[in-house]
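Since every read-out is calculated from the coordinates, none of them should be taken as a lab result. For clarity, every value in this text was computed on a predicted model and none was experimentally measured. Cβ coordinates were reconstructed from backbone atoms using ideal geometry, including for glycine residues, and neighbour counts include every protein chain displayed.
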Amino acid sequence: MTETVQTELPTDFDSFAREVRSLAQRRNAIVLAHNYQVPWIQDVADHVGDSLALSRIAAASEAETIVFCGVHFMAETAKILSPDKTVLIPDPNAGCSLADTITAEQVVAWKREHPQAIVVAYVNTSAAVKAEVDLCCTSSNAVEIVESLPEDAEILFLPDYFLGAHVARVTGRKISLWMGECHVHAGITPVALRARLEASPDSQLLVHPECGCTSAALYLVESGEIPAERAHVVSTGSMVDYAKGAGDSHVLVATETGIIHQLKAANPRATFEAVNPAAVCRYMKMITPEKLLSCLRETELTEKYEVTVDREIGSRALKAVEAMIAIGNSSKFGE
Ligand code: 13P
Ligand code: SF4
């Protein structure tokens with residue numbers, strides 16, 4: 001029997017949410033959304049979070065199908081962790097400019113120049129890249145991952161230069177960095193940060209470590225221009241935690257602007273202002289409510305939305321991804 005596929009989008013959130021919930025239940029699916037998704041997607045998802053939290057939820061979920069509202073490498077990471085589950089993404093073209101800055105062949109060539117090195121990859125990489133590295137990390141555990149390595153280890157960090165430089169600064173480790181960047185976060189500049197701080201000098205400051213202004217924010221703290229307790233360089237998930245304790249303050253936010261929806265929900269008394277309101281990731285915004293509904297409704301077109309990872313690549317990438325979801329407490333790599 002052919003199922004009737006509706007194409008129109010309900011005009012109000014409640015009917016959209018009802019339809020998503022009933023379709024997800026029928027397919028035994030869980031809907032995950034990254035903090036940069038559009039508000040309707042965040043509000044309808046079973047879980048909203050940062051890259052690490054969503055990877056952990058995907059790995060632990062008992063649902064048959066994971067619908068990943070985020071970008072492709074995130075859905076691929078869920079598939080690496082759960083190769084026997086169906087992983088769907090509402091738009092398979094939702095890529096990532098940062099993940100595109102390095103290929104598996106480039107990793108292999110870099111390793112050949114540093115045969116003793118331990119290679120740490122940010123989760124924002126393809127499955128093929130993950131298959132060539134020792135460990136993955138996200139912005140919330142990059143420091144702990146590097147601290148778990150032997151003191152004298154030679155470390156290669158890829159692909160994000162700003163995150164890698166931040167980790168090197170915090171850990172004091174000597175790390176060779178790949179020169180990749182995310183076009184959205186690199187566009188949140190020291191000049192933009194200074195201008196916002198001049199306009200609102202008493203603000204709290206939340207900065208994602210991928211940002212072009214990360215070093216400038218830390219310099220302002222070190223030079224005493226911003227008290228240390230008012231500035232935090234953290235993942236989007238930790239931004240939500242800080243927001244909860246921000247009282248009625250004015251908070252400057254340096255990351256993709258989609259996070260502001262979660263921050264306002266976490267603390268309606270505070271005001272949140274983007275350091276760069278143009279910091280919008282066009283890939284994250286490719287996941288629309290219409291596409292989520294089509295992905296759930298079109299049961300006979302699963303392959304159109306399905307994320308696949310070659311079994312051999314997936315099993316080689318798994319050890320690096322498992323290290324990523326395990327470390328965040330106090331485990332030591334290699335012990
Ligand atoms: P989080 O680690 O905070 O999820 O940020 C990752 C990111 O920038 C998504 O692409
Ligand atoms: Fe990639 Fe940057 Fe978009 Fe995150 S915000 S998905 S790092 S392009």
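What the table below lists for this structure:
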| read-out | value |
| --- | --- |
| Alpha carbon convex hull of region 168-321, volume per residue in cubic angstrom | 166 |
| Cα-based shape type of region 1-154, given that a ≥ b ≥ c are square roots of the gyration tensor eigenvalues and the cut on a/c is 1.5 | prolate |
| Given Lys244/Lys264; Lys85/Lys285; Lys130/Lys304; Lys79/Lys304, the pairs whose alpha carbons are separated by over 18 Å | Lys85/Lys285; Lys130/Lys304 |
| Translational D in µm²/s for the chain (Stokes-Einstein at 25 °C, 0.890 mPa s, Kirkwood Rh from C-alpha pairs) | 119 |
| Beta bridge orientation in the chain: antiparallel %, DSSP, nearest 5 | 5 |
| Share of Cα-Cα pairs in region 129-214 lying beyond 14 Å, as whole percent | 67 |
| GNM flexibility winner over the chain from Glu290, Glu256, Glu181 (Cα, springs under 10 Å) | Glu290 |
| Ascending count of other beta-carbon atoms within 10 Å, so fewest first, for Cys136, Cys213 | Cys213, Cys136 |
| Helix-only [θ]222 nm of the chain, DSSP H runs n ≥ 4, -39500 (n - 2.57) each, per residue, nearest 500 | -11500 deg cm²/dmol |
| Sequence-distant residues sharing a close amide H with Tyr36 (under 5 Å, placed H) | none |
| Potential extension, Lys304-Asp14 segment - 0.36 nm per residue separation minus Cα distance | 101.7 nm |
| Dipole of the chain [Lys/Arg +1, Asp/Glu -1 at C-beta], most positive-end residue of Ile66, Thr255, Thr101 | Thr255 |
| Note, ³J(HN,Hα) from phi for region 127-134, Karplus 6.51, -1.76, 1.60, rounded to Hz, x at Gly and Pro | 4, 5, 5, 4, 5, 9, 10, 8 |
| Qualifying aspartates and glutamates (Cα of each under 14 Å from Cα of Lys291; at least 8 residues distant if same chain) | Glu8, Glu19, Asp91, Glu306 |
| Amide H within-cut-off set for Cys137, under 5 Å, with H built and near neighbours excluded | Ala121, Tyr122, Val123 |
| Nearest-0.05 FRET efficiency for Ala278 and Arg112, computed from C-beta distance (R0 56 Å) | 0.90 |
| With 5 Å bins from 0: P(r) over region 263-335, alpha-carbon pairs, percent | 3, 10, 10, 10, 11, 17, 17, 14, 8, 1 |
